[in-house]
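Only the coordinates and a few stated rules stand behind these numbers; no lab work does. Being a predicted model, the structure only gives us computed values, none of them experimental. In this analysis, Cβ positions are derived from the backbone assuming ideal geometry, glycine residues included, and neighbour counts consider all displayed protein chains.
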Amino acid sequence: MAFGSDAPVTSPNPWPGIYGAVTRTTRSGAKVPPSQEDNQVAAQQVSVEEALKMYTGAGTWSEGTQEHKGSIETGKLADLVLLDKDPFAVEALALVDIRPVMTIIGGRVVWER
């Protein structure tokens, strides 16, 4: 399964989606979907690692380009984003607030905050 943001209809920012996948709640704390019991919501939650894989490597599998991109390995495209916080170290509620500080495409810095 691969995740996406529905850009350009919505923001391309992946962090609200990652937050929702990990917590199964909205930023206001509402359960997603709202009619479910806590145990059903918990069964739908994924780990931060799983959510990141679904936004990165899983997308390359769905388009058949996993040999060229989707992970940081020798011989693959050197595209990546550096973040202001470690998603594995922050509380789940803080995932939605993570911001990029640098974007590297083809091994070159193309954007910096």
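Some points to look at:
- Under Karplus coefficients 6.51, -1.76 and 1.60, residue-wise ³J(HN,Hα) of the range 99-107 in Hz, glycine/proline x: 10, x, 10, 7, 10, 10, 10, x, x
- Once the Cβ-Cβ distance of Val46 and Val109 is raised to the sixth power relative to R0 = 22 Å, the FRET efficiency obtained is 0.10.
- Here the convex hull built on the C-alpha positions of the chain has a volume of 125 cubic angstrom per residue.
- Per DSSP, loop chymotrypsin sites (Phe, Trp or Tyr not before Pro) in the range 1-102 with at most 10 further Cβ within 10 Å: Phe88
- Computed from point charges on the beta carbon alone (+1 for Lys and Arg, -1 for Asp and Glu), the dipole magnitude for the chain about its Cα centre is near 220 Debye.
- Applying both filters, DSSP loop and at most 12 other Cβ atoms within 10 Å, to the GluC sites (Glu not before Pro) of the range 36-85 gives Glu37, Glu67, Glu73.
- Listed by chain and number, the aspartates and glutamates whose alpha-carbon sits under 13 Å from that of Lys69, ignoring those within fewer than 8 places in the same chain, are Asp79.
- Comparing Ala78, His68, Ala51 along the charge dipole axis of the chain, the residue lying farthest to the positive side is Ala78, per the Cβ-charge model.
- Amide H contacts under 5 Å for Leu83, placed H, 5+ residues apart: Val101
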